[in-house]
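Data first, discussion second: the structure below is written as structure tokens.
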Amino acid sequence: MGAYIIRRVFTFIPSAIGVTLIIFVIMRIVPGDPALMILSGHDGEGTYTQEDYLLLRSQMGLDDPLPTQYLRWMGELARLDLGVSLEDDRPISQIFNERFPVTVQLAILGFISACAMGIPIGIISAVKQDSIVDYIFRSIAIFGLAMPTFFVGLIVILILSVYFNWFPPIGFANLWEDPLKSIQQLGWPALALGFSVNGTMMRMMRAQMLEVIQEDYVRTARSKGLPERVVINRHAVKNAMLPVITLAGTLLGGLLGGTVVIEMIFNIPGMGRALIDAIYVRDIPIIQTFILIIALIYLFLNLLIDLTYGWLNPRIRLN
Amino acid sequence: MGFKRIIAVLSASVLSTALVACASSDAAEAPAQPAAAAPAAAAAQAAQAPSAPEQPAAPAAAAAAAAPVAQSAPVAPTPQKIELRVGTVEQSTKTAEYGGTLVQMDTNDPAYKDHHKGRTITNLIVFSNIHGNLLHTDTQTRSEIVGDIATDWEVSSDGLKYTFDIREGLVTHQGHDFGASDVAYNVNRLLTQPNDKPLPRGGCLRAAADGATATGQSVEITLPSPVSSFIQCISMAYMLFQPQGILETVDADGSRDMTTEEVDGVGPFVMDKWEVDSMLSLKKNANYYKEGKPYLDEYQLAVLPDASTRIAAFRTGRVDMVPPFTTPKKPEVDAMKEALGDKVTFQQILAPGWRGFIANQNVAPLDDVRVRQAINIGLDRYEFNQLNFDGIGFLSAPYLGMFDWVYSFDEYFTWPGYRSVVSGQVEEDLATAQSLMKEAGYGPDNPLVTTVNCGTNVNDECAVLKPQLAEFYIDVEIIRKDRGARLTDANNMDFELWHESKGIEYGDPDAYHSLLYLPTSGINYTDWENADFSAGYDAQKGLLDLTERGAALRDMADILYNDPVWIGVLRPSLNHGWWSYVNGYVPPNFHQATYKYDHVWLDGKN
């Protein structure tokens, strides 16, 4: 197992370096001069002279050759220095420390709401296969899959404001600081996120359940005279859950990087918001660092899943 | 844990999330209906301009001077004339009440805590309430320039020395004395830009002044040559003064940005809390130098980047005020008015500056002045106004009509091309444009083929442009790019026609010069330069007499009209709204103006 872990961790390192290279190159291919974006201001009303522009470019190191810029970034990362935002001069580590916990809270709440919706309706749908209930739940799942998250978010905001004359409180509170205010702010976006994700989970759960309830051991349980509730809960669901849990891990990773639009709509100051703002003004250090972090989270989750599989299934680690 | 329990826990968590979110004790209610404020007063003319000199005899002199432009008698404007809607609201006659929190919203965070580094109007709005101006446009009359932290000022007879007397006994929020040396330090900082860190809003100062020295309670700013717009420059809303001590500290540290705790000033509100990209809160400054003010206990800024969310926040009363630059579109305003009636007030604000199409005079076919003149004269600006600004836009002339002492709107409205803004397409103008194009060698069978570089914003003027140009033999391809790509193209001069919109920082034509027309401007994308214009600029900038200066500027406007590179169309009018329980607030007469809320109070907001 030890050799397998070492082997797997070593494949992680080139993947991470590859990611840095891809991000760096993409950021230089994307048209848009960060110096011009910053000088013209967020609302485009900034004024500047050509002299200001040339000075800023040189201060930002944009005149250096690309390999120099890349090596400088790598050097900073090696020293755990994430750099400084071009837009407001703040250290990116500080911005990350502010934003990441917010996104994690939203992603976890979104994940919980997706599980709470997707797993039960997946089970019920399978048990009541081809019934009206099944059709309704499948329709809901397809609706969730088809509706973009931003659209669901906008509908939620519209209903809350127009029909209930309600709007989430201004300012953000962490769950551990002011749980009530935090739930008021995060509850609805979490539901909107969950609604969009639960379709995938529901379909996976339903498919697994349909497969499992055809298995011999389920038939045996039934033939023993066990009540259907016990057969389903104790024998079918537990076995059907394994692939769903794997999927859930991937979905959680996706949610961590996929809260961007919801954060904009519901005024949640998370990583997604920071990333969108940074893209808008071409704040390259923030964009490349945040994308790198999201990519590393995915890589890490994959590594974790692989190691878990290796631990569970000796054939994988031996091969 | 059994499966049933897992399901129960998960379901309960979702239900409780939904219930708690709905069961807010403080949020469900909309603001109580306050006594309705009187409706907006009748529109008044922008009062910013000093008394107008004698009007020029020939309004379309510029067109007449242009050799290639055919002469034609101006067509009489129809009654559809667009009025200036800039004005004031009738104020409550009640005695101002103390207390309460005013919540305003904006699309983005102020970003920098060192206001000198700020570039955005959000930054201006927030820091206007933390720092003092030396002078500013009065927040009640919105016309005259009055002292803020300066009590008096005088100009030497040669116009080279400005002396400002600073208020005695000013103390910052953190208890430090604030006086003339602080003011001088600010001026010199804006002039020198320590550590080569750009201080963007000090441009007019750098173009005009040499330096500042403090003597006792006075500050003396010296100029190498007289600059008639200097008072307008030094009193512009962005010109806010921060304590010397903290500026020295950050400048010694590479001119880094300040921390929230370091933000200090002498203004009506004290920085309390800044949650980046979410909200910030300012608390009342109990030691504010204006006795009895501010009335509010707190000012909050909510950062709401999404337009639908902003409308929802305002509609539910979670937010009290929509600042002008976050302007909702007119249909949205109409919908809110319909839903909320006289509980909300909306007023339009002039957004002076320039908006239209830049023609790259360095490349064929736009290097032919006749082609550029044809575009300038042939455009139907009325159609732009109706389609893009719901009929509330303002003509974007070389100098916007807020400077009546150069050219008034009425005068501009008689010029070929510009007169269409009043009455729609003027057939004579279209014929002139066609004739100019024919002279340049184009016609219905061999149209000029060119491109226009456009953004992806909602107000799609390029879509309006294309069929209009086709009417006078120009086949334009619309190239859409995002802002970053467009700015790069502009900087590389890689375009033929270019859509752009820019606002001026302060109320003087010199703000136009530095923003657009001078070779030093970053937005003079095509490096346009004209010897007569430059000579005119040098001549007018020191003229203290408005009549003389107005005449010089008229000549310069004529040059810009006859050698059109900045083909102005319309500037938007900005919708600025607030709940009617917000009292004492007089909207500014242009969008980059002073936003100090020391005199604002709330009547009946829950």
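The values are calculated or read from the model by the stated rules, or taken from the named source; none is laboratory data. Everything numeric in this text was worked out from a predicted model, so none of it was measured. Virtual Cβ from ideal backbone geometry, glycine too; neighbours counted across all protein chains shown.
A few notes on this one:
- Extreme residue, surrounded by the most Cβ atoms within 10 Å (Cβ to Cβ), among residues of region B:424-449 that are part of a loop (DSSP other than H, G, I, E, B) and touching a strand residue (DSSP E or B) at 6+ places or on another chain (Cβ under 8 Å): B:Tyr442
- Looking at B:Pro328, B:Pro365, just one residue is within 25 Å of the chain's Cα centre (by Cα), under 26 Å from B:Trp498 (Cα atoms) and either β-branched (Val, Ile, Thr) or in a loop (DSSP other than H, G, I, E, B) (or both), and that residue is B:Pro328.
- Residues located in region B:210-241, provided they are of a type in the set (A, V, I, L, M, F, W, C) and out of contact with any helix residue (DSSP H, G or I) (no Cβ under 9 Å at 6 or more places or on another chain): B:Ile231
- Inspection of region A:69-86 identifies at least one residue that is more than 10 Å from chain B (Cβ to nearest Cβ), closer than 19 Å to B:Ala485 by Cα, touching a helix residue (DSSP H, G or I) at 6+ places or on another chain (Cβ under 6 Å) and not acidic (Asp, Glu).
- Any hit, region A:272-281, residues being surrounded by fewer than 18 Cβ atoms within 10 Å (Cβ to Cβ), of a type in the set (A, V, I, L, M), closer than 23 Å to A:Met60 by Cβ and within 14 Å of another protein chain (Cβ to nearest Cβ): yes
- Verdict on B:Asp277 being acidic (Asp, Glu), outside any loop (DSSP other than H, G, I, E, B) and modelled with pLDDT under 90: no
- Within region B:196-224, considering residues that are in contact with a Lys or Arg (Cβ under 9 Å, 6 or more places away or on another chain) and modelled with pLDDT of 95 or more, the one nearest to B:Asp545 (Cα to Cα): B:Leu223
- Pick from region A:175-186, criterion surrounded by fewer than 24 Cβ atoms within 10 Å (Cβ to Cβ) and touching a residue at least 24 places away in the same chain (Cβ under 8 Å), ranking: farthest from the other protein chains (Cβ to nearest Cβ): A:Leu175
- Selection of region A:276-301 for residues being under 27 Å from A:Gly187 (Cα atoms), under 13 Å from the mean Cα position of the chain (by Cα) and not β-branched (Val, Ile, Thr) yields A:Phe290, A:Ala295, A:Tyr298, A:Leu301.
- Given (1) away from every other protein chain (no Cβ under 12 Å); (2) touching a residue at least 60 places away in the same chain (Cβ under 8 Å); (3) of a type outside the set (Phe, Trp, Tyr), index of the condition B:Leu301 fails: (1)
- Selection status of B:Arg381, within 30 Å of B:Ile559 (Cα to Cα), crowded, with 21+ Cβ neighbours inside 10 Å and of a type in the set (D, E, K, R): yes
- If you filter region A:114-134 down to residues that are surrounded by fewer than 17 Cβ atoms within 10 Å (Cβ to Cβ) and in a helix (DSSP H, G or I), you find that the one that is nearest to the other protein chains (Cβ to nearest Cβ) is A:Val133.
- Residues (among the hydroxyl-bearing types (Ser, Thr, Tyr) and touching a strand residue (DSSP E or B) at 6+ places or on another chain (Cβ under 7 Å)) located in region B:497-511: B:Ser501
- Residue check, B:Ile349 under 20 Å from the mean Cα position of the chain (by Cα) and farther than 19 Å from A:Ile265 by Cα: yes
- Selection status of B:Pro519, surrounded by fewer than 15 Cβ atoms within 10 Å (Cβ to Cβ), of a type outside the set (A, V, I, L, M, F, W, C), under 25 Å from the mean Cα position of the chain (by Cα) and farther than 18 Å from B:Ser396 by Cβ: yes
- Condition check for B:Pro398: buried (at least 19 other Cβ atoms within 10 Å of the Cβ), of a type outside the set (A, V, I, L, M), in a loop (DSSP other than H, G, I, E, B) and in contact (Cβ under 8 Å) with a residue 24 or more places away in the chain: yes
Rundown of residues vs (1) over 30 Å from A:Thr47 (Cα atoms); (2) modelled with pLDDT under 95; (3) crowded, with 24+ Cβ neighbours inside 10 Å, yes/no style:
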residue	(1), (2), (3)
B:Gln91	yes, yes, no
B:Asp109	no, yes, yes
B:Lys117	no, yes, no
B:Phe127	no, no, yes
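- Which listed residue is over 21 Å from B:Ala184 (Cα atoms) and either modelled with pLDDT under 95 or touching a Phe, Trp or Tyr at 6+ places or on another chain (Cβ under 8 Å) (or both), from B:Pro294, B:Pro243: B:Pro294
- Selected residue (only one of A:Phe172, A:Phe143, A:Phe164, A:Phe111 is within 14 Å of another protein chain (Cβ to nearest Cβ) and closer than 26 Å to A:Gly249 by Cβ): A:Phe111
- Number of positions in region B:522-544 that are within 14 Å of chain A (Cβ to nearest Cβ) and buried (at least 18 other Cβ atoms within 10 Å of the Cβ): 6
- Taken over region B:490-502, residues that are among the charged types (D, E, K, R) and surrounded by fewer than 17 Cβ atoms within 10 Å (Cβ to Cβ) amount to 1.
- So A:Ile279, is it part of a helix (DSSP H, G or I), among the aliphatic types (A, V, I, L, M) and at pLDDT 90 or above: no
- Condition check for B:Asn575: touching a Lys or Arg at 6+ places or on another chain (Cβ under 8 Å) and surrounded by 24 or more Cβ atoms within 10 Å (Cβ to Cβ): no
- Selection of region A:256-276 for residues being at pLDDT 85 or above and either of a type outside the set (Gly, Ala, Ser) or within 17 Å of A:Ala126 (Cα to Cα) (or both) yields A:Ile262, A:Glu263, A:Met264, A:Ile265, A:Phe266, A:Asn267, A:Ile268, A:Pro269, A:Met271, A:Arg273, A:Leu275, A:Ile276.
- Any chance B:Glu477 is surrounded by fewer than 19 Cβ atoms within 10 Å (Cβ to Cβ) and in a strand (DSSP E or B): yes
- Among the residues of this structure, B:Thr345 counts as one that is within 22 Å of B:Asn129 (Cβ to Cβ), surrounded by 21 or more Cβ atoms within 10 Å (Cβ to Cβ) and among the hydroxyl-bearing types (Ser, Thr, Tyr).
- Here the condition is being within 14 Å of chain B (Cβ to nearest Cβ), crowded, with 18+ Cβ neighbours inside 10 Å and either of a type in the set (S, T, N, Q) or farther than 27 Å from A:Met74 by Cα (or both); of A:Ile268, A:Ile287, A:Ile245, it holds for A:Ile268 alone.
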